[in-house]
1. Of everything in the stretch 71-84, what is open to solvent by 10 Å² or more (accessible area, probe 1.4 Å) and touching a helix residue (DSSP H, G or I) at 6+ places or on another chain (Cβ under 8 Å)? Give them in sequence order.
2. Here's a check for you: in the stretch 1-28, which residue that is at pLDDT 85 or above and closer than 12 Å to Ala236 by Cβ is least open to solvent (accessible area, probe 1.4 Å)?
3. Inside the stretch 79-103, can you point out the residues that are within 14 Å of Leu179 (Cα to Cα) and of a type in the set (Lys, Arg)?
4. Inside the stretch 151-177, can you point out the residues that are assigned to a helix (DSSP H, G or I) and open to solvent by less than 30 Å² (accessible area, probe 1.4 Å)?
5. Just need a number here: residues in the stretch 104-135 that are of a type in the set (Asp, Glu) and either buried (at least 16 other Cβ atoms within 10 Å of the Cβ) or touching a residue at least 12 places away in the same chain (Cβ under 8 Å) (or both).
6. Quick check on my filter: what residues within the stretch 133-161 are small (Gly, Ala, Ser) and in contact with a Lys or Arg (Cβ under 9 Å, 6 or more places away or on another chain)?
7. Please return the ranges of helices (runs of 4 or more DSSP H) entirely within the stretch 15-111 where 3 or more residues are more than 24 Å from the chain's Cα centre (by Cα) and among the charged types (D, E, K, R).
Amino acid sequence: MTVSRFERAGTYLVLGVFTIFALYPMLAIIVTALRSEVAGQGGIHWENFGKAWTEARFGSYLVSSLIVSVSVVALTVLLSVMAAYAFGTMRFRGRDALFYLMLLGLTVPGEAVVVPLYFDLRDLGLTDTYASLIFPQVAQSVAFGAFWMRTYFRSASRGVVEAARLDGAGHWQTLWRVLVPMGRPALVTLIVLVFMWTWNEFLLARVMITSEALRTAPLGLQFFSGRSTTSVPLLAAASVLVALPVVVLYLFLQRHFIRGMVDGSVKG
């Protein structure tokens with residue numbers, strides 16, 4: 001099917017409009033972050049980032065966010081891959097019922113469980129610890145991770161799996177040496193999504209954490225914005241610092257991320 005020049009121009013026009021709408025907020029906050037704190041003073045002020053980093057103590061907050069995000073991603077990927085392998089390639093009684101029961105976790109918003117979760121963790125003495133941030137987010141992410149990876153494992157060539165079995169490979173070797181390398185785009189997509197969700201999580205940290213040493217970056221940004229002496233350029237600079245790790249991770253893995261999203265939509 002041939003596409004006329006008019007249709008192609010219309011497509012680029014629509015894409016350009018949506019691109020402008022998507023990029024404008026990001027460009028606006030970057031421009032604001034580079035403005036002077038003194039009204040009417042021009043120029044580019046890169047020192048706003050250093051000042052925001054120092055005044056808001058983002059070094060400690062970013063370390064906390066990194067600890068939580070990396071832990072959640074590691075546990076989620078491990079548990080999701082093993083669950084998806086079981087649901088996608090193994091046959092056992094109640095497999096489908098158990099899988100759909102797990103999918104119920106996708107339908108329950110975190111806001112609905114954060115209060116009872118707080119009291120449960122408080123009784124266990126886990127509030128105001130990294131565990132109170134890591135374990136609930138792992139539980140929330142595993143349902144999606146198992147669903148996402150199961151699609152790839154079910155679409156994998158049965159001949160490859162059978163060949164691995166004939167070569168003497170057990171379930172563990174088949175999973176990690178055959179299927180996981182084949183599903184690398186899906187795995188990278190899962191890593192990026194879970195990292196982004198975990199990094200941006202605010203409500204759970206706001207409820208569970210009271211110590212300043214354990215505050216994550218979004219929570220630290222909220223406290224920084226609540227100070228009466230905080231200027232708009234410094235707040236914008238702090239917002240850029242909070243978003244930067246996610247942007248860097250996406251740019252580094254974008255090729256695998258896009259491939260995983262496209263393959264997932266086709267195979268799904």
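1. Here is the first cut: in the stretch 71-84, the residues open to solvent by 10 Å² or more (accessible area, probe 1.4 Å) are 71, 73-75, 77-79, 82-83.
Ser71, Val73, Leu75, Val77, Leu79, Met82, Ala83, listed by residue number.
2. Only one residue fits best here, namely Ala28.
3. Of the stretch 79-103, the ones within 14 Å of Leu179 (Cα to Cα) are 80-90.
Across the stretch 79-103, there are no qualifying residues.
4. So in the stretch 151-177, the residues assigned to a helix (DSSP H, G or I) come out as 151-155, 158-166, 171-177.
Tyr152, Phe153, Val161, Ala164, Thr174, Leu175, listed by residue number.
5. Just the residues of the stretch 104-135 that are of a type in the set (Asp, Glu), to begin with: 111, 120, 123, 128.
Adding the requirement that they be either buried (at least 16 other Cβ atoms within 10 Å of the Cβ) or touching a residue at least 12 places away in the same chain (Cβ under 8 Å) (or both) leaves 111, 128.
Here the count works out to 2.
6. In the first step, residues of the stretch 133-161 are kept if they are small (Gly, Ala, Ser); the result is 139, 141, 143, 145-146, 155-157, 159.
The one that is small (Gly, Ala, Ser) and in contact with a Lys or Arg (Cβ under 9 Å, 6 or more places away or on another chain): Ser155.
7. Details: elements: 47-56, 58-89, 95-103.
Answer list for the stretch 15-111: 47-56.
The values are calculated or read from the model by the stated rules, or taken from the named source; none is laboratory data. In this text the structure is predicted, and so the values were computed from the model without any measurement. Using ideal geometry, Cβ is built from the backbone for each residue, glycine included, and neighbour counts are taken over all protein chains shown. All accessible areas refer to the heavy atoms of the entire protein, side chains included, with ligands and DNA or RNA removed. Shrake-Rupley method; radii C 1.70, N 1.55, O 1.52, S 1.80 Å.
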